[in-house]
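The values are calculated or read from the model by the stated rules, or taken from the named source; none is laboratory data. What you see is a predicted model; the values in this text were computed from it and never measured. In this analysis, Cβ positions are derived from the backbone assuming ideal geometry, glycine residues included, and neighbour counts consider all displayed protein chains. Only protein heavy atoms, including side chains, enter the accessible area calculation; ligands, DNA and RNA are left aside. Shrake-Rupley method; radii C 1.70, N 1.55, O 1.52, S 1.80 Å.
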Amino acid sequence: MGSKNKLKRFKENETFDNVFQPTRDELTSGNYSLKGKWREKVFKNENPLVLELGCGKGEYTVGLAKRYPNKNFVGIDIKGARFWRGAKTAIEEDIDNAAFVRTQIELIEYVFDANEVDEIWITFPDPQIKYKRTKHRLTNFQFLERYKKILKPEGLMHLKTDSEFMHGYTLGLLHGLGYEVLYANHNVYKLEGSPEEVTQIQTFYENQYLEKDKAITYIRFKIN
């Protein structure tokens with residue numbers, strides 16, 4: 001994507017009512033105005049709050065929002081030029097239960113309050129296969145601890161990935177920590193019983209993986 005195109009999208013994001021771009025200092029000060037108040041101030045309802053971490057172009061956030069109008073969805077990514085597409089689609093199609101936040105995932109506990117979130121989706125994250133990149137894996141112990149802080153006691157986690165490594169790493173970690181794995185599938189399009197929300201919503205990159213006949217995996221689990 002050209003730099004001019006990126007700048008245009010950044011500028012357009014600033015005009016979108018469904019895009020929020022707090023600074024790092026604003027978050028780490030502990031006084032972020034929306035923390036604990038997403039339902040009240042943004043969605044103006046008491047519906048369940050669901051996050052998508054590393055939302056990319058926002059296709060999954062928008063797809064889930066369309067599928068579940070009685071839930072609120074927030075896509076989170078540091079790359080605003082990417083989720084611009086999802087934010088714009090939500091506005092064009094009057095999808096008022098989808099919003100986007102530009103921030104780093106490691107700051108998640110500054111964006112949302114304790115027990116504020118009902119579900120978290122992690123879709124096609126970078127598996128960070130090299131050992132020295134372990135700290136960047138979105139399902140490592142440190143990240144799970146962050147998610148635990150903002151999830152409700154019975155909150156759900158979802159991991160959808162094309163990476164056999166990420167799938168196996170996460171399952172092993174969950175079992176080792178004694179967390180509850182509710183469902184696991186190492187090839188959602190070829191094995192029976194896959195949830196519809198997993199197979200009927202597809203991202204741009206997921207379609208590319210499927211064209212190469214890569215298996216798509218899925219885990220649903222709890223960490224509380």
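Just the residues that are charged (D, E, K, R) and either farther than 19 Å from N45 by Cβ or within 18 Å of the chain's Cα centre (by Cα) (or both), please, taken from segment 80-98. Of everything in segment 80-98, those that are charged (D, E, K, R) and either farther than 19 Å from N45 by Cβ or within 18 Å of the chain's Cα centre (by Cα) (or both) turn out to be R82, R85, K88, E92, D96.
Among the residues of segment 149-160, are any assigned to a helix (DSSP H, G or I) and over 24 Å from Q208 (Cβ atoms)?
Checking segment 149-160: at least one residue is assigned to a helix (DSSP H, G or I) and over 24 Å from Q208 (Cβ atoms).
Checking each residue in segment 190-223 for being assigned to a helix (DSSP H, G or I), among the β-branched types (V, I, T) and over 21 Å from E180 (Cβ atoms) picks out only T199.
Residues in segment 82-118 that are of a type in the set (V, I, T), open to solvent by less than 10 Å² (accessible area, probe 1.4 Å) and assigned to a helix (DSSP H, G or I): I108, V111. Taken over segment 204-218, the criterion of being free of Cβ contacts under 8 Å to residues at least 24 places away in the same chain and either surrounded by fewer than 10 Cβ atoms within 10 Å (Cβ to Cβ) or touching a strand residue (DSSP E or B) at 6+ places or on another chain (Cβ under 8 Å) (or both) is satisfied by E211, K212, D213.
Residues that are surrounded by fewer than 20 Cβ atoms within 10 Å (Cβ to Cβ) and not in a helix (DSSP H, G or I) were ranked within segment 71-81; the one that is modelled with the lowest pLDDT is K79. Taken together, E119, E92 contain a single residue that is in contact (Cβ under 8 Å) with a residue 12 or more places away in the chain and of a type in the set (D, E), which is E119. Please work out which residue is surrounded by the most Cβ atoms within 10 Å (Cβ to Cβ), limiting yourself to segment 2-45 and to residues that are of a type in the set (G, A, S) and in contact (Cβ under 8 Å) with a residue 24 or more places away in the chain. Once the filter is applied, the top-ranked residue is G36.
Look through segment 130-148, keep the residues that are outside any loop (DSSP other than H, G, I, E, B) and polar (S, T, N, Q), and return whichever of them is surrounded by the most Cβ atoms within 10 Å (Cβ to Cβ).
T134
Residues in segment 46-70 that are part of a loop (DSSP other than H, G, I, E, B), touching a residue at least 24 places away in the same chain (Cβ under 8 Å) and within 13 Å of E116 (Cα to Cα): N47, P48. Annotation note: of Y68, Y60, the sole residue that is hydroxyl-bearing (S, T, Y), surrounded by fewer than 21 Cβ atoms within 10 Å (Cβ to Cβ) and within 16 Å of the chain's Cα centre (by Cα) is Y68. Against the list (1) charged (D, E, K, R); (2) in contact with a Ser or Thr (Cβ under 7 Å, 6 or more places away or on another chain); (3) over 21 Å from Y68 (Cα atoms), the condition K148 fails is (2). The residue that is most open to solvent (accessible area, probe 1.4 Å), counting only those in segment 161-187 that are in contact (Cβ under 8 Å) with a residue 12 or more places away in the chain and in a loop (DSSP other than H, G, I, E, B), is H186.
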